[in-house]
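Take a look at the structure below.
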Amino acid sequence: MVPMFKSKTVAAVTVIALSLSAVAPAHAWGRREQDVLKGVIGAVVIGALINQANKPPKTQTLLVYAPTSIYNTPAAQRFDDYSDNSQRRIQSTLSAYGYYHGSIDG
């Protein structure tokens, strides 16, 4: 199974590290030289992973519906469907509950 990488940089570093670990002249080196090469490759891969993890997250833009006028909202359009007397009663009730602070004009 092939692991999924979050960035092209991490994928490139991993491919380079894996290719360096299979270099033919490295087999002619002694055990200590091979271990040093493995340590360097591991440090490069871990460094790339740490750098990727420390990047700040991308910000997203939130789109908000903002009508051009309060009279264009669906609630205002439905309110206009009521008679003047009903509109005054609605405003009075809302005012009594503290949700309406304007004049009772219907």
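The values are calculated or read from the model by the stated rules, or taken from the named source; none is laboratory data. Keep in mind it's a predicted model, so treat the numbers as computed, not measured. Note that we place each Cβ from the backbone using ideal geometry, even for glycine, and neighbour counts take in every protein chain shown. Protein only, heavy atoms only, side chains kept; ligands, DNA and RNA dropped before computing areas. Shrake-Rupley method; radii C 1.70, N 1.55, O 1.52, S 1.80 Å.
Out of ARG78, ARG88, one residue alone is surrounded by 11 or more Cβ atoms within 10 Å (Cβ to Cβ), in a helix (DSSP H, G or I) and at pLDDT 85 or above. It is ARG88.
Comparison of VAL23, VAL15, VAL45 shows that the only residue that is modelled with pLDDT of 85 or more and out of contact with any Leu (no Cβ under 8 Å at 6 or more places or on another chain) is VAL45.
Checking each residue in the range 27-75 for being open to solvent by 50 Å² or more (accessible area, probe 1.4 Å) and small (Gly, Ala, Ser) picks out ALA28, ALA43, ALA53, ALA66, ALA75.
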